[in-house]
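Below is one structure, written out as structure tokens, with a few remarks after it.
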């Protein structure tokens, strides 16, 4: 692999991962009904609006699902894969569109589970070291984490102020990640090409 090829791959993978992560975070903000006036939310909204604006008319948000975000995230993941395929030239061949769409969906779901994992870790750390803080980042972590945690809290009995629901969520995240890895293998997804896996 030449230096130019390696640099091109680095840029495609990292810039693509940054944009894709911001798009998926935008979807998480919408799904959790987070405060869009939070300064961090505003930055994410301003960066992602140019990507989402073309789809807004055709795919409006419904309830907690922002369809424009989902479609754009899958498209960006597919573009990252196509960019990598193009840079690598003859080493990789482009699969049929349905397989490519499957790869994109698996990648977005993988990224979503990873982001959920990191939000959960951040929530646990914040609860230990900065409980009650009014910092915008800490408020946003809580607003994203609470709707995710609520169903898991409902499954467990009251433990006298100790919240064991993160353990249940960690188990669920691991199960989902195992399922996604097996789905990736079933669709012959080349390893390390997808942002979320």
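Details
- Some residue of the stretch 152-160 being within 22 Å of the chain's Cα centre (by Cα) and either surrounded by 15 or more Cβ atoms within 10 Å (Cβ to Cβ) or at pLDDT below 85 (or both): yes
- Across the stretch 80-93, the number of residues qualifying as touching a residue at least 40 places away in the same chain (Cβ under 8 Å) and either touching a helix residue (DSSP H, G or I) at 6+ places or on another chain (Cβ under 7 Å) or outside any helix (DSSP H, G or I) (or both) comes to 6.
- Flag for residue 108 being surrounded by 14 or more Cβ atoms within 10 Å (Cβ to Cβ), at pLDDT below 85 and touching a helix residue (DSSP H, G or I) at 6+ places or on another chain (Cβ under 7 Å): no
- Unmet requirement for residue 88, which otherwise passes all of (1) closer than 29 Å to residue 34 by Cα; (2) modelled with pLDDT under 85: (1)
- Within the stretch 31-70, the residues that satisfy the criterion of being closer than 22 Å to residue 113 by Cβ and surrounded by fewer than 17 Cβ atoms within 10 Å (Cβ to Cβ) are 33, 61, 63, 64, 65, 67.
- Residue match in the stretch 126-135 (condition: under 22 Å from residue 23 (Cα atoms) and in contact with a helix residue (DSSP H, G or I) (Cβ under 6 Å, 6 or more places away or on another chain)): no
The values are calculated or read from the model by the stated rules, or taken from the named source; none is laboratory data. Here the structure is a predicted model, which is why all the values come from computation and not from measurement. Cβ sites come from the backbone with ideal geometry, for glycine too, and all protein chains shown count toward neighbours.
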